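Heads up, the thing below is written out as structure tokens.
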Amino acid sequence: MRLVLGVSGGIAAYKAAYLTSRLVQQGYDVQVIMSQAATEFVQPLTFSALTQRPVGLFSQADPVGPMSHVALAHWADALLYAPVTANLLSRLAVGRGDDLLSLVYLGFSGPRLFAPAMEPEMWSHPAVVRNVKQLTLDGVQWVGPNYGRMASGFHGQGRLAEPDEIIDALVGLNTPKDLLGRRVLITAGATYEYFDPVRLLTNPSTGTMGLTLARHALRRGATVDLVVGPTVKSLGRGLDQARLKRVVSADDMLQACLSWLPQADFVVAAAAVSDFKPKVVLSDKAHKEDIALTWQMERTADIVSELVRKKRRGTRIIGFAAETDRLVESGQRKLRDKGLDWIVANAVGAEQGFADFPYRATILGQGGVEEIVEGKEATAQAILNRLAKVDIEG
């Protein structure tokens, strides 16, 4: 993506240098333009070194000739202004064109993302609120500001969003909303099956696959219901808009899923659910010398099969099969036996499949192998690509 990064004058301008570095590392072609005030906080040479491009300053003649504001407005795929000060907001809201930042904005018709940064009292001032409302009506999208400590020492809403938040918002800015109006129920993480209050049966799943699916589904416009097991300690970035239920056991997860199933267009059962649970659960910790070396077990609820049985007409369900061998054969059997629309068979074992270890999956449909994908990001997108093509009424 060709990106114009506009930097206005404020103490948060120093963070724009790190943001620029991250953007370049992720493959963005970045052209930085700066207000005159911004150059008093960060030298243009910093951005030029990071981007390998001359920095556009406040005159119209920089950096690509006497009509730079026109050239850059036609060159860019998106505008990202970070930080955005109250002064810049006011100038853009009324359509002033008195420097390169404002001129490029006025000449650009594509997606625009603003990351404001200012003192909390300024952000909540009626004039700034009016300007934000006007710019939103004009099509600007926003990331932040965040709550936290300001350079003044005061606390409140006004901190520049973190670079990773800004990049996530930027990715979402250009993501097609092909799941708009669809509701996706996603499960993530392992479950815990307790023997007593301190001993339990579980597996190494961290929930990364399910959270990745949820994040991309939200970016593509879906409404996301997320049921997570106890191994998911933090949702991380980009999941604030998901409806969330935290559960512990397989039975808990089943009940949570059933409560949301009637509203779901799609169910993606990415959780690694324990297959067995103790037949008897002790209310107090058992002393080691009192524990027999065998413990009676019973199967947990088959969540996916129950959801298939109780779903409404038109709901599509995607399951996962974590296998150490005979990946396709095992996946095809589960696909058939459980009545799923698709199944994602992924290899697990020593240093593969779980957490951040290498991930390789085969997506199976009723017609056979559909795709082999590497990595959780690619797997999530491949699954969602299929969902986006589904006619819900069919």
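The values are calculated or read from the model by the stated rules, or taken from the named source; none is laboratory data. On a predicted model such as this, the values are computed, not experimentally measured, just so you know. Cβ coordinates were reconstructed from backbone atoms using ideal geometry, including for glycine residues, and neighbour counts include every protein chain displayed.
Go through the stretch 251-292 residue by residue and tally those that are assigned to a loop (DSSP other than H, G, I, E, B) and small (G, A, S).
Residues of the stretch 251-292 assigned to a loop (DSSP other than H, G, I, E, B): 264-265, 270-271, 273-275, 279-287, 291-292.
From what is left, the residues that are small (G, A, S) are 264, 270-271, 274, 283, 286, 292.
Summing the residues that are assigned to a loop (DSSP other than H, G, I, E, B) and small (G, A, S) in the stretch 251-292 gives 7.
For the stretch 309-362, name all the residues that are in contact with a Phe, Trp or Tyr (Cβ under 6 Å, 6 or more places away or on another chain) and modelled with pLDDT of 75 or more.
If the condition is that a residue be in contact with a Phe, Trp or Tyr (Cβ under 6 Å, 6 or more places away or on another chain) and modelled with pLDDT of 75 or more, then R316, I318, V344 are the ones that fit.
Could you tell me which of the residues R215, R237 is basic (K, R) and either crowded, with 21+ Cβ neighbours inside 10 Å or at positive phi (or both)? Give the derivation first.
Values: R237 fails: either crowded, with 21+ Cβ neighbours inside 10 Å or at positive phi (or both).
Only one candidate qualifies: R215.
For G9, all conditions in the list (1) farther than 20 Å from N174 by Cα; (2) touching a residue at least 60 places away in the same chain (Cβ under 8 Å); (3) touching a strand residue (DSSP E or B) at 6+ places or on another chain (Cβ under 7 Å); (4) surrounded by fewer than 23 Cβ atoms within 10 Å (Cβ to Cβ) hold save one; what is the number of the exception?
With (1) farther than 20 Å from N174 by Cα; (2) touching a residue at least 60 places away in the same chain (Cβ under 8 Å); (3) touching a strand residue (DSSP E or B) at 6+ places or on another chain (Cβ under 7 Å); (4) surrounded by fewer than 23 Cβ atoms within 10 Å (Cβ to Cβ) applied to G9, the lone miss is (3).
Do you know which residues across the stretch 194-211 are in contact with a helix residue (DSSP H, G or I) (Cβ under 7 Å, 6 or more places away or on another chain) and not hydroxyl-bearing (S, T, Y)?
If the condition is that a residue be in contact with a helix residue (DSSP H, G or I) (Cβ under 7 Å, 6 or more places away or on another chain) and not hydroxyl-bearing (S, T, Y), then M209 is the only one that fits.
Look at Q366 and say whether it is at pLDDT 75 or above and farther than 15 Å from A270 by Cβ.
Here the answer is yes, as Q366 does meet what is asked.
Restricting to the stretch 232-250, give me the number of residues that are in a loop (DSSP other than H, G, I, E, B), within 30 Å of R299 (Cα to Cα) and modelled with pLDDT of 85 or more. I'd like the intermediate steps shown before the answer.
So in the stretch 232-250, the residues in a loop (DSSP other than H, G, I, E, B) come out as 232-242, 247-249.
Within this subset, residues satisfying the condition of being within 30 Å of R299 (Cα to Cα) are 232-235, 247-249.
Filter again for modelled with pLDDT of 85 or more, leaving 232, 247-249.
Residues meeting the conditions: 4.
Tell me which of these L307 doesn't satisfy, since it passes every other one: (1) part of a loop (DSSP other than H, G, I, E, B); (2) buried (at least 18 other Cβ atoms within 10 Å of the Cβ).
Status for L307: all satisfied but (1).
Do we have S68 as of a type in the set (S, T, Y) and exposed (fewer than 15 other Cβ atoms within 10 Å of the Cβ) here?
So S68 fails the test.
Just give me the residues in the stretch 24-57 being assigned to a helix (DSSP H, G or I) and surrounded by fewer than 24 Cβ atoms within 10 Å (Cβ to Cβ), in sequence order.
V24, Q25, A37, T39, E40, P44, L45, T46, S48, A49, L50, T51
Give me the strands (runs of 3 or more DSSP E) completely within the stretch 168-211, filtered to those with at least 2 residues that are surrounded by fewer than 17 Cβ atoms within 10 Å (Cβ to Cβ) and more than 23 Å from the chain's Cα centre (by Cα), ordered by residue number.
By residue number, 193-196.
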